[in-house]
1. Quick one: which residue in GLU559, GLU552 is of a type in the set (Asp, Glu) and in contact with a helix residue (DSSP H, G or I) (Cβ under 8 Å, 6 or more places away or on another chain)?
2. Given the condition without any contact (Cβ under 8 Å) to a residue 40 or more places away in the chain and either touching a His at 6+ places or on another chain (Cβ under 8 Å) or within 29 Å of ALA271 (Cβ to Cβ) (or both), answer yes or no: does some residue in the stretch 154-161 qualify?
3. Yes or no: TYR503 at pLDDT 95 or above and either under 30 Å from TRP14 (Cβ atoms) or part of a loop (DSSP other than H, G, I, E, B) (or both)?
4. Check ASP294 against each of (1) farther than 30 Å from VAL401 by Cβ; (2) more than 16 Å from the ligand (Cβ to nearest atom) and name the one condition it does not meet.
5. Restricting to the stretch 110-122, name every residue that is among the polar types (S, T, N, Q) and in contact (Cβ under 8 Å) with a residue 24 or more places away in the chain.
6. Six or more apart or on different chains, Cβ under 7 Å: which pairs go from a residue in the stretch 58-85 that's part of a helix (DSSP H, G or I) to one that's at pLDDT 95 or above and within 14 Å of the ligand (Cβ to nearest atom)? Could you list them?
7. How many residues, within the stretch 245-267, are within 16 Å of the ligand (Cβ to nearest atom) and hydroxyl-bearing (Ser, Thr, Tyr)?
8. Mind checking which residues of the stretch 257-284 are among the hydrophobic types (A, V, I, L, M, F, W, C) and either surrounded by fewer than 23 Cβ atoms within 10 Å (Cβ to Cβ) or part of a helix (DSSP H, G or I) (or both)?
Amino acid sequence: MSRTEVLEQPDGSWWKEAVVYQIYPRSFNDSNSDGIGDIPGITEKVGYLDSLGIDVVWLCPVYDSPNHDNGYDIRDYRSIMSEFGTMADWDALLDALHARGIRLIMDLVVNHTSNEHEWFQRSRQRDGKYEDYYYWRDGSQDEPPNNWESIFGGPAWTYDEKRGQWYLHLFDENQPDLNWRNSDVREDIKEMVTWWLEKGIDGFRMDAINYISKVEGLPDGDRSERLVGHQHYAHGPRIHEYLQELYDDTLSNYDVMTVGEMGGTSIDQTAEYLVEGRSGLDMIFQFNHLGVDDGPNGPWSPDGWGEWDLSEFKQIVSHAQEELAAEFWDSIFLGNHDVPRIVSRFGDDEVYREESATLIATFLLTLRGTPYIYQGEEFGMTNVEFDALEELDDVMTIGKVEELFETGSIDSFEEARGLVNYWSRDHARTPMQWSDAANSGFTDGEPWFDVNDNYRFINAEVALSNGDSIWHHYRSLIDLRHEIDTLVYGEYELLLPDNEQLYAYTRTLDEEQLLVVLNWSDEPAIFTTEMDASDAEVLLSNYENSPSRQLEREFQPYEAVIYRL
Ligand code: NOJ
């Protein structure tokens with residue numbers, strides 16, 4: 001179905017048929033040479049996005065912010081960060097996208113604000129209705145009110161001298177948590193949400209949205225938990241009520257899509273949100289599959305990370321395909337601005353970069369659910385190597401390294417180097433590699449963050465000019481997804497669950513059956529099957545000579561083939 005046909009569909013299923021492209025504005029494209037990506041820079045690249053064939057842009061926060069967490073600390077929800085441009089620039093971007101039939105979803109960050117937001121400033125002064133807009137608690141200056149830990153490291157409480165009380169922040173100390181129990185807070189948020197919807201946006205990605213309801217009394221967390229306190233604020237007692245209220249009073253009046261980000265959420269818990277009347281959310285980012293290479297105590301535990309089994313990965317993905325995507329809907333992703341580059345993490349960014357990046361792309365675009373592509377993935381951008389703490393920008397990585405120092409787990413950066421180079425969110429935040437020009441064509445100025453040195457050969461321009469590139473593979477996959485309903489709506493069935501090299505599955509809709517075979521390894525692998533190969537037609541392969549009418553054979557390292565049977 002063409003983009004325009006889907007846009008005209010009255011049944012609201014456009015977001016099921018859509019492919020989403022995520023933009024991290026700071027690192028996308030700089031139009032005014034200040035070294036920082038900006039909104040006019042994105043508008044300049046709308047033609048590029050159109051040529052890739054994507055349907056929706058998810059724009060990470062562009063609101064006014066002091067940038068302690070690169071925009072996830074919002075100072076004013078209704079104005080644009082000056083480094084990124086103006087509201088007029090934003091209007092122009094929306095128009096340029098809509099003119100090409102591309103929709104725009106915004107990031108909604110309402111678990112917390114910046115500590116520079118007017119609400120927090122007034123709350124510190126106990127000013128009228130703002131007094132209880134955040135979680136304030138009494139207590140001695142030496143002892144936080146409970147033992148909750150911040151997701152970014154250290155305690156989840158900071159003492160505010162001005163008010164003489166502690167305030168809660170699940171993230172950085174500059175990101176105080178909003179008190180959703182207060183109906184004035186909810187009303188203000190709803191007004192703001194409606195204000196954006198009225199501007200004509202097409203939906204929201206909702207940041208950390210499963211954290212907005214905290215257990216009454218904020219009791220101590222169980223010390224044995226990976227993240228102390230998590231049990232008392234993830235899926236809190238009023239979460240469904242708050243989300244459904246937000247939906248009923250705002251979102252339900254518009255033809256928009258919503259995807260809620262929910263860290264630390266099981267597949268069963270995720271399903272709870274997707275039941276009609278339980279949240280109004282269309283789909284959720286849950287991270288079970290991204291836990292496959294965690295250490296025993298989560299990603300930032302000092303050892304044991306980085307290893308993963310394909311069979312375990314298949315089992316987690318298949319569980320989500322069966323319980324979420326089949327029953328409701330799911331979001332399909334491996335990368336975003338918070339995780340390492342996908343080809344470095346799940347592929348081979350050296351010998352088989354092209355093969356493994358196209359294999360991963362085949363995986364992402366052939367599952368049931370809405371696929372999300374993170375900027376730069378479409379031509380195989382990779383991780384970088386960080387040699388010192390000073391080279392990092394990410395508040396979370398820095399917080400985690402500091403915590404390791406403070407707890408005595410490390411005495412030097414060198415000891416955390418492996419961990420940092422595996423997990424840092426900075427990998428995903430290096431500037432887009434547009435060309436082999438200075439600073440990868442990202443800026444004419446001094447880039448806010450170093451460009452990955454490999455931009456001279458890994459860049460969009462080179463990828464566009466080579467018909468066999470990763471970029472063109474993405475383009476072909478997106479086309480296939482738009483053409484073949486079975487790729488969107490077909491039932492998923494896993495084959496060979498225990499095979500540690502091959503990930504194979506079928507997608508079936510009515511009379512049509514597709515088979516996807518991925519050799520997710522750097523060694524050849526033999527695929528055997530009882531399926532009838534006589535009509536098997538190769539729809540797309542990342543190797544030149546994948547034969548039709550033959551399924552049983554040796555698959556080359558990272559070979560990825562889609563067959564129509
Ligand atoms: C999740 C966002 O994706 C991440 O970048 C941010 O730091 C936290 N939520 C806090 O807003």
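The values are calculated or read from the model by the stated rules, or taken from the named source; none is laboratory data. As the structure is a prediction and not an experimental result, all values here were calculated from the model. Neighbour counts run over all protein chains shown; Cβ positions are idealised from the backbone, glycine included.
1. The unique qualifying residue is GLU559.
2. Yes: one or more hits.
3. So TYR503 passes the test.
4. (1)
5. Looking only at the stretch 110-122, we keep the residues that are among the polar types (S, T, N, Q), and these are 111, 113-115, 121.
Answer for the stretch 110-122, where residues must be among the polar types (S, T, N, Q) and in contact (Cβ under 8 Å) with a residue 24 or more places away in the chain: ASN111, THR113, SER114, ASN115.
6. Listed pairs, sorted by first residue: PHE84/PRO25; PHE84/VAL62.
7. 2
8. Residues of the stretch 257-284 that are among the hydrophobic types (A, V, I, L, M, F, W, C), as a first pass: 257, 259, 262, 267, 271, 274-275, 281, 283-284.
Selection gives ILE267, ALA271, LEU274, VAL275.
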